[in-house]
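Enquirer: If you scroll down you'll find the structure; I have some questions about it.
The values are calculated or read from the model by the stated rules, or taken from the named source; none is laboratory data. Everything numeric here is computed off the predicted structure, so don't read it as measured data. Here the Cβ positions follow ideal geometry from the backbone for every residue, glycine too, while neighbour counts run over all protein chains shown. Just so you know, the surface numbers come from the protein's heavy atoms only, side chains and all, with ligands and any DNA or RNA stripped out. Shrake-Rupley method; radii C 1.70, N 1.55, O 1.52, S 1.80 Å.
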Amino acid sequence: MDIQFVLELTVFKGHEGTVLNVKYSPYETNTICSGSCDESIRLWDIRSNKQINIFKGHTNYVRVIEYLPFVNNNNNNGDGTSIINSNIICSGSEDNTIRFWDIRNNKQLHVIKGSQNEDGGIMSLTFLALKNKENVSKKTDNSICNVNLCYGSIQGPIRIWG
């Protein structure tokens, strides 16, 4: 990219409040996802410049969104693992919930509620690909054992779920 000649390519309109987070899909080319103060998550198609889906269920600002990685431990790419598209996004909100959404059929799959007394709302989240402890200690294999969810909250605690 030559920064001297950068031009606006498109504008996506649909949110009714400040957009707090935008993510490009590392798995599904040509799609982005956004979270907003209007309590919604929206999925956009870059090619058609149109909204694909809207996800509603949060009752406060959607602070963070992530694409959920799906780990396949049975491939032959050298390390035995690959990340493939699972068609699931995850959203964290000031309503103190993390919600999992299936982007293919616009359905909420699961809700994790943060600690009401200690969290006060979800501000950030990421997925951690943790190594298999037995194999790492032997230094023979770096296979990913599982993927855990890590989130940060308004009142300070960082929590890991697995």
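Enquirer: Of all residues in segment 45-56, how many are part of a strand (DSSP E or B), open to solvent by 10 Å² or more (accessible area, probe 1.4 Å), farther than 10 Å from His15 by Cα and not acidic (Asp, Glu)? Please lay out each step first, then the result.
Expert: Of the residues in segment 45-56, the ones part of a strand (DSSP E or B) are 45, 50-56.
With open to solvent by 10 Å² or more (accessible area, probe 1.4 Å) added as a condition, the list becomes 45, 50-54, 56.
With the extra rule that they be farther than 10 Å from His15 by Cα, the set shrinks to 45, 50-53, 56.
From what's left, not acidic (Asp, Glu): 50-53, 56.
Of the residues in segment 45-56, 5 are part of a strand (DSSP E or B), open to solvent by 10 Å² or more (accessible area, probe 1.4 Å), farther than 10 Å from His15 by Cα and not acidic (Asp, Glu).
Enquirer: Further question: Can you pull out every residue in segment 1-31 that is surrounded by fewer than 12 Cβ atoms within 10 Å (Cβ to Cβ) and either acidic (Asp, Glu) or closer than 15 Å to Ile54 by Cα (or both)?
Expert: Asp2, Glu8, Lys13, Glu16
Enquirer: In addition: May I ask you to verify whether Asn75 is modelled with pLDDT under 90 and either under 24 Å from Asn146 (Cα atoms) or outside any loop (DSSP other than H, G, I, E, B) (or both)?
Expert: Working: modelled with pLDDT under 90: yes; either under 24 Å from Asn146 (Cα atoms) or outside any loop (DSSP other than H, G, I, E, B) (or both): yes.
So Asn75 passes the test.
Enquirer: Something else: Which ones in segment 119-135 are at pLDDT below 90 and outside any strand (DSSP E or B)?
Expert: Within segment 119-135, the subset at pLDDT below 90 is 127-135.
Passing the criteria: Asn132, Lys133, Glu134, Asn135.
Enquirer: How about segment 81-112: which of its residues are modelled with pLDDT under 65 and either surrounded by 16 or more Cβ atoms within 10 Å (Cβ to Cβ) or of a type in the set (Ser, Thr, Tyr) (or both)?
Expert: So the first thing to find is which residues in segment 81-112 are modelled with pLDDT under 65, and the list is 81-85.
The answer is Thr81, Ser82, Ile83.
Enquirer: On to the next question. Would you mention how many residues in segment 24-48 are modelled with pLDDT under 95 and of a type in the set (Gly, Ala, Ser)?
Expert: Adding up the residues that qualify gives 2.
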